[in-house]
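Student: Take this structure first; my questions come after.
The values are calculated or read from the model by the stated rules, or taken from the named source; none is laboratory data. This one's a predicted model, so the numbers in the text were calculated from it and none came from an experiment. Reconstructed Cβ throughout: ideal geometry from the backbone, glycine too, with neighbour counts over all protein chains shown. In case anyone asks, the SASA skips ligands and DNA or RNA and just uses the protein heavy atoms, side chains included. Shrake-Rupley method; radii C 1.70, N 1.55, O 1.52, S 1.80 Å.
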Amino acid sequence: MNLAQRCQPLLDVLRDPAHMAALDLAGWDLLLRQAGAAGLLSRLAVQAETLDLNASLPDVVRPHLTAARTVAAKQRQAVRWEARRVAQALTDIEGPVLLLKGAAYAIADLPPATGRLFSDIDILVPRAQLGQAEAALRLAGWHTQKQDDYDQRYYRRWMHELPPLTHIRRGTVLDVHHNLLPETARIRTHAGPILAAAQALPDLPGLSIPADTDLVLHSACHLFHEGEWGHGLRDLVDLDAMLRAFAIAPTFWPTLLARAQALNLGRPLYYALDCCRRWLHTPIPQHVIAACPSRPPAWQRPLMRQLFDAGLTSTHPTCRGRLFKLATFILFVRGHYLRMPWHLLLPHLLHQALRRNREQS
């Protein structure tokens, strides 16, 4: 059974939300479970309201969609409020402070913000201001969770971000980045050009968001390099929404390809474009994919498609194929392999395994 058959009706509705009007109760039962597991139910609920479908939906379905819309609206309101607290805390930081991913979508009212759920706020600051930013955030109430010396060293020496910060009163989580990829990653990129091209937010002095092309590249990089597949399909829907909106500009595609080349992010962009077109029928010209820099060799592409398809179907048991466990394990190993060289990775994995054994005993 191929991915389209396993993930219906979710894929049909993601490709064309009007399909919701034709679902019977059995179809809705499956859609609610698959979309809920993928973190996409709120998005579909907002789209149903936008298309004026609510009156035609089964009575038992409407409360689910109403609740999903309410949760998304409350989370978006909370993210906006929290972003203002971050802006206040970092008023004295030199250089731009960029909101990333979901927070950027919500604050700038970008297409992926439609019904999107949020788990934390991500920001990017110049590395030279990292210490000053951390000190300012500590004064404002954000502190690292209890971690041992190894975890602190892991983040501060090797990774592209500080250990996650949690507000002592509100419990909100803030991830502070100084680059898009870890310092030890096999793909090397630099945050300087992204910071230089940032777009200031008039309503939030001191905060900015990345340029359109950089928003796409960061999302592609996060999904297809870091390998956090718990929200993989939601992240792919984010990419689809941005590509459809940004591609209206006639220079978007060549600018995106040139930016991927400059930032050394052509490989994750290729995977993002390929999966968006296959999964969500995103209207990406074939010549754009063919011109993508750092494309994988031809023999590798079918294998990677199989692996990524497994990762994207990981959200609900009804979507999973026979090789799901093997494929997701390979993706797990690949993500770590891309993040760290072997001489660092093997001791790290051993440390993590020993710690899990201690915690379970």
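Student: Among the residues of segment 158-184, count how many are over 26 Å from ARG80 (Cβ atoms), more than 18 Å from the chain's Cα centre (by Cα) and in a loop (DSSP other than H, G, I, E, B).
Tutor: The qualifying residues number 2.
Student: Taking ASP92 as the residue in question, decide whether it is in contact with a helix residue (DSSP H, G or I) (Cβ under 8 Å, 6 or more places away or on another chain) and without any contact (Cβ under 8 Å) to a residue 40 or more places away in the chain.
Tutor: In short, no.
Student: Moving to a separate point now. Please tell me if PRO297 is open to solvent by 30 Å² or more (accessible area, probe 1.4 Å) and farther than 17 Å from PRO268 by Cα.
Tutor: So PRO297 fails the test.
Student: How many residues does segment 330-349 hold that are assigned to a helix (DSSP H, G or I), surrounded by 13 or more Cβ atoms within 10 Å (Cβ to Cβ) and of a type outside the set (Val, Ile, Thr)?
Tutor: Residues meeting the conditions: 12.
A quick yes/no check of all residues on (1) in contact with a Phe, Trp or Tyr (Cβ under 8 Å, 6 or more places away or on another chain); (2) modelled with pLDDT under 95; (3) not charged (D, E, K, R):
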| site | (1), (2), (3) |
| --- | --- |
| LEU257 | no, no, yes |
| LEU265 | no, no, yes |
| ARG277 | no, no, no |
| PRO296 | yes, yes, yes |
| ALA310 | yes, yes, yes |
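Student: Can you say whether THR282 is under 19 Å from the mean Cα position of the chain (by Cα) and open to solvent by 10 Å² or more (accessible area, probe 1.4 Å), as far as the supplied structure shows?
Tutor: Criteria not met by THR282.
Student: Looking at segment 277-288 only, could you name the residues that are assigned to a helix (DSSP H, G or I) and closer than 25 Å to VAL13 by Cα?
Tutor: ARG277, ARG278, TRP279, LEU280, GLN286
Student: From the list ASP274, ASP214, ASP240, which one is in contact with a Ser or Thr (Cβ under 7 Å, 6 or more places away or on another chain), part of a helix (DSSP H, G or I) and acidic (Asp, Glu)?
Tutor: So the residue among ASP274, ASP214, ASP240 that is in contact with a Ser or Thr (Cβ under 7 Å, 6 or more places away or on another chain), part of a helix (DSSP H, G or I) and acidic (Asp, Glu) is ASP240.
Student: A further question follows. Please work out which one of (1) open to solvent by 30 Å² or more (accessible area, probe 1.4 Å); (2) in contact (Cβ under 8 Å) with a residue 24 or more places away in the chain; (3) of a type in the set (Asp, Glu); (4) farther than 21 Å from LEU201 by Cα is the condition ASP120 fails and give its number.
Tutor: (4)
Student: May I pose another question? Taking segment 186-211 as the search range and keeping residues that are in a helix (DSSP H, G or I), open to solvent by 10 Å² or more (accessible area, probe 1.4 Å) and among the hydrophobic types (A, V, I, L, M, F, W, C), which one is farthest from GLN129 (Cα to Cα)?
Tutor: ALA196
Student: Another question, if that's okay. Can you go through LEU53, LEU14, LEU40 and tell me which one is modelled with pLDDT of 90 or more, open to solvent by less than 80 Å² (accessible area, probe 1.4 Å), within 24 Å of GLN75 (Cα to Cα) and more than 26 Å from the chain's Cα centre (by Cα)?
Tutor: LEU53
Student: Filter segment 301-325 for residues that are more than 14 Å from HIS231 (Cβ to Cβ) and of a type in the set (S, T, N, Q); which is farthest from the chain's Cα centre (by Cα)?
Tutor: By that ranking, first place goes to THR318.
Student: Additional query: Here is a list: PRO126, PRO111. Which entry is open to solvent by 10 Å² or more (accessible area, probe 1.4 Å), touching a Gly at 6+ places or on another chain (Cβ under 8 Å) and at pLDDT 90 or above?
Tutor: Selected residue: PRO126, the only one of PRO126, PRO111 that is open to solvent by 10 Å² or more (accessible area, probe 1.4 Å), touching a Gly at 6+ places or on another chain (Cβ under 8 Å) and at pLDDT 90 or above.
Student: Next up: Looking at segment 74-131 only, could you name the residues that are part of a loop (DSSP other than H, G, I, E, B) and closer than 18 Å to ALA211 by Cα?
Tutor: GLY95, PRO96, ALA108, ASP109, LEU110, VAL125, PRO126
Student: Can you report the number of residues in segment 132-149 which are at pLDDT below 90 and either in a loop (DSSP other than H, G, I, E, B) or open to solvent by less than 20 Å² (accessible area, probe 1.4 Å) (or both)?
Tutor: Summing the residues that are at pLDDT below 90 and either in a loop (DSSP other than H, G, I, E, B) or open to solvent by less than 20 Å² (accessible area, probe 1.4 Å) (or both) in segment 132-149 gives 4.
Student: Then there's this: Please state which one of VAL71, VAL46 is assigned to a helix (DSSP H, G or I) and either modelled with pLDDT under 90 or closer than 28 Å to ILE248 by Cα (or both).
Tutor: VAL46
Student: I've got another one for you. Based on this model, can you work out whether LEU303 counts as open to solvent by less than 30 Å² (accessible area, probe 1.4 Å), under 25 Å from GLY266 (Cβ atoms) and among the hydrophobic types (A, V, I, L, M, F, W, C)?
Tutor: For LEU303, the condition - open to solvent by less than 30 Å² (accessible area, probe 1.4 Å), under 25 Å from GLY266 (Cβ atoms) and among the hydrophobic types (A, V, I, L, M, F, W, C) - is not met.
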